[in-house]
Amino acid sequence: MSATFLGLPPFPEAARTAVGDSRTRQNLHKATRTIRGKRDAVVGELGDDWQRLRSEGERVKTHTLRHLDHYLEQLEESVRRAGGTVHWAADAAEANAIVTRLVRETGETEVVKVKSMATQEIELNNALEAAGITAYETDLAELIVQLGDDLPSHILVPAIHLGRSQIREIFLDQMSEWGVPAPEGLTDDPKALAEAARVHLRELFLRAKVAVSGANFAVADSGTLVVLESEGNGRMCLTLPETLISVVGIEKIVPTWSDLEVFLQLLPRSSTGERMNPYTSTWTGVAPGDGPQEFHLVLLDNGRTDVLADTVGRQALRCIRCSACLNICPVYERTGGHAYGSVYPGPIGAILTPQLQGMASEADKALPYASSLCGACYDVCPVAIDIPEVLVHLREQVAEGPGHVGEKAMMAGAGAVFGSAGALDAVQRAAGAVGGAIPRNLPGTAGKWTDTRDVPDVPKESFRQWWNKREQEEGR
């Protein structure tokens, strides 16, 4: 029942289609600017403290990644000491197999889910469906996307591309197929839509025996996992079922509770524009008579250790999934998340997806170019990921790979010319002689550049020629 990103066109093609959808562009424009305004207000009130928090968040994440082996082992020991079970998954297939097996062992055929980027990344819902297990998304935006057989388009607000009238139609058409139907006469008033979702989900919460979650953070020294949310649906999943299975990327670790305190200030302000999230849920193993009585932690690699090996690209693993870079990005605001063809859209997706998946496909190769390199994403990142730097780094890898024959030849020729004073002087003299005969639109792949840019007029003489003439006239 779940849609998949597999097979979507590369970014340039998808973006060309997306910018023609005026309704989606209007929804994105309104939503991103609203979130951006709220963020600016709560960040601004901290003054210089914000930059100090940001620097500390960067320091903690960088330190943790450098000593990831130590903290992973510490987390494993802490979780086991608290009564949980730890599983290690090298890739998506192994993670899906582990979760499927754990659900089957309970005898259940359905699970409720907390919003989780990691489970979207590995397409867990599809794997469970293939095994005869139904996964019910309980985050409001994820529910909308699931009911509409759609794809998420934003890290924080997966249904940001939809208007409330569209959501109303989805509820009326699809809710009955998944459980409690939408009430007759449902309007597109946000309160009415939220109430319809609340009634629909409440039945699922009360009957579900198994829940699947991700985690925003995992505290190594205590084995505590943390989820931040705005609705309370996540807390229902984390407390009511008998079995809880959490799929967490290995980069989500923080060493101590003191380190967690930093991120509990950074993340809400950067994501929802709030001083703190309405719901911050923590769980540590199992406690008799309180919450799930069986807890499994699946630690997911799925390409992360390869990213860690790249001294430039590894900073992407500092990401705390706040979506601030999406909300500020002029490219994302005009194209939306679907154009990126990835679970991780926007600027962070443009650097994270190619590193996790590799750049074997044309779609992955195109992602590092899905940016104007304006640098706004770096300015708002709460953990100071230099996204433009990584984008350029990945573009270098694309250019050094197979293909781009014409571009490589042009760069080699330019290198030869600029590396020799005599060659440069000869080329400048020739260009000045032909002057206006130089074409305004270049052929082949170079035409993509000149289609949207004007070739500057070539002066009759170069600076070098002018200077030499001046020196001769003055007798120097």
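The values are calculated or read from the model by the stated rules, or taken from the named source; none is laboratory data. Fair warning: this is a prediction, and the values are worked out from it, not measured in the lab. Using ideal geometry, Cβ is built from the backbone for each residue, glycine included, and neighbour counts are taken over all protein chains shown. Protein only, heavy atoms only, side chains kept; ligands, DNA and RNA dropped before computing areas. Shrake-Rupley method; radii C 1.70, N 1.55, O 1.52, S 1.80 Å.
When each of Ser281, Ser258, Ser270 is tested for being more than 22 Å from His67 (Cβ to Cβ) and in a helix (DSSP H, G or I), the lone residue that passes is Ser270. Pairing residues of segment 191-219 that are over 17 Å from Pro241 (Cα atoms) with residues that are open to solvent by 40 Å² or more (accessible area, probe 1.4 Å) and in a strand (DSSP E or B), at Cβ distances under 8 Å and at least 6 apart in sequence or on separate chains, gives no pairs at all. Residues in segment 62-108 that are of a type in the set (Asp, Glu) and in contact with a strand residue (DSSP E or B) (Cβ under 7 Å, 6 or more places away or on another chain) were compared, and the one that is least open to solvent (accessible area, probe 1.4 Å) is Glu76.
Listed by first and then second residue, the pairs linking a residue in segment 169-181 that is farther than 16 Å from Ala159 by Cα to a residue that is in a helix (DSSP H, G or I) and open to solvent by 30 Å² or more (accessible area, probe 1.4 Å), with Cβ atoms under 6 Å apart and 6 or more places separating them unless they lie on different chains, are Gly179/Glu203; Val180/Val199; Val180/Glu203. Return a yes/no flag: does segment 458-472 have any residue that is exposed (fewer than 11 other Cβ atoms within 10 Å of the Cβ) and of a type in the set (A, V, I, L, M, F, W, C). Within segment 458-472, one or more residues are exposed (fewer than 11 other Cβ atoms within 10 Å of the Cβ) and of a type in the set (A, V, I, L, M, F, W, C).
Which pairs have Cβ atoms under 6 Å, sit 6 or more apart or on different chains, and link a residue in segment 381-408 that is over 12 Å from Ile351 (Cβ atoms) and in the same structural domain as Val60 (by TED's automatic domain parsing) to one that is at pLDDT 95 or above and open to solvent by 40 Å² or more (accessible area, probe 1.4 Å)? Sorted first by the residue in segment 381-408, then by its partner, the list stays empty. Scanning segment 132-154 for residues that are in a loop (DSSP other than H, G, I, E, B) and in contact with a Phe, Trp or Tyr (Cβ under 7 Å, 6 or more places away or on another chain) gives a single hit, Leu151. Applying the criterion of at least 2 residues that are more than 19 Å from Leu204 (Cα to Cα) and either modelled with pLDDT under 95 or not aliphatic (A, V, I, L, M) (or both) to the helices (runs of 4 or more DSSP H) found wholly in segment 89-131 leaves 92-106, 117-121. Contact annotation: residue pairs with Cβ atoms under 7 Å, 6 or more positions apart or on different chains, pairing a residue in segment 61-81 that is under 22 Å from Leu267 (Cβ atoms) with a partner that is open to solvent by 70 Å² or more (accessible area, probe 1.4 Å) and at pLDDT 95 or above, are Leu65/Arg314. Do we find that Gln51 is modelled with pLDDT of 95 or more, more than 20 Å from the chain's Cα centre (by Cα) and assigned by TED's automatic domain parsing to the domain that holds Gly163 in this structure? Yes: the conditions hold for Gln51. For Ala433, the conditions (1) under 26 Å from Met359 (Cβ atoms); (2) hydrophobic (A, V, I, L, M, F, W, C); (3) exposed (fewer than 13 other Cβ atoms within 10 Å of the Cβ) all hold with the exception of (1). Filtering segment 22-59 to residues that are over 26 Å from His154 (Cβ atoms) and in a helix (DSSP H, G or I) leaves Asp48, Asp49, Gln51, Arg52, Ser55, Glu56, Arg59.
Of all residues in segment 123-168, those satisfying the criterion of being acidic (Asp, Glu), over 22 Å from Thr239 (Cα atoms) and surrounded by 16 or more Cβ atoms within 10 Å (Cβ to Cβ) are Glu123, Asp150.
In the set (1) of a type in the set (Ser, Thr, Tyr); (2) within 20 Å of the chain's Cα centre (by Cα); (3) open to solvent by 20 Å² or more (accessible area, probe 1.4 Å); (4) at pLDDT 95 or above, Ser270 fails one condition alone, (3). Tallying residues that are outside any helix (DSSP H, G or I), within 30 Å of Ile35 (Cβ to Cβ) and open to solvent by 40 Å² or more (accessible area, probe 1.4 Å) within segment 380-421 yields 1. Residues of segment 105-157 that are over 22 Å from Ala182 (Cβ atoms) and in contact with a Cys (Cβ under 7 Å, 6 or more places away or on another chain): Val114 alone. Residues in segment 198-235 that are in a helix (DSSP H, G or I) and surrounded by 21 or more Cβ atoms within 10 Å (Cβ to Cβ): His200, Leu201, Leu204, Asn233, Gly234. In segment 244-267, of all residues being in contact (Cβ under 8 Å) with a residue 12 or more places away in the chain and polar (S, T, N, Q), the one that is least open to solvent (accessible area, probe 1.4 Å) corresponds to Ser246. Here Thr282, Thr311 are screened, and the one residue that is closer than 23 Å to His87 by Cα and either surrounded by fewer than 24 Cβ atoms within 10 Å (Cβ to Cβ) or in contact with a strand residue (DSSP E or B) (Cβ under 7 Å, 6 or more places away or on another chain) (or both) is Thr282. Only residues that are on the phi > 0 side of the Ramachandran plot and either hydroxyl-bearing (Ser, Thr, Tyr) or under 18 Å from the mean Cα position of the chain (by Cα) (or both) were counted across segment 274-310, and they come to 2.
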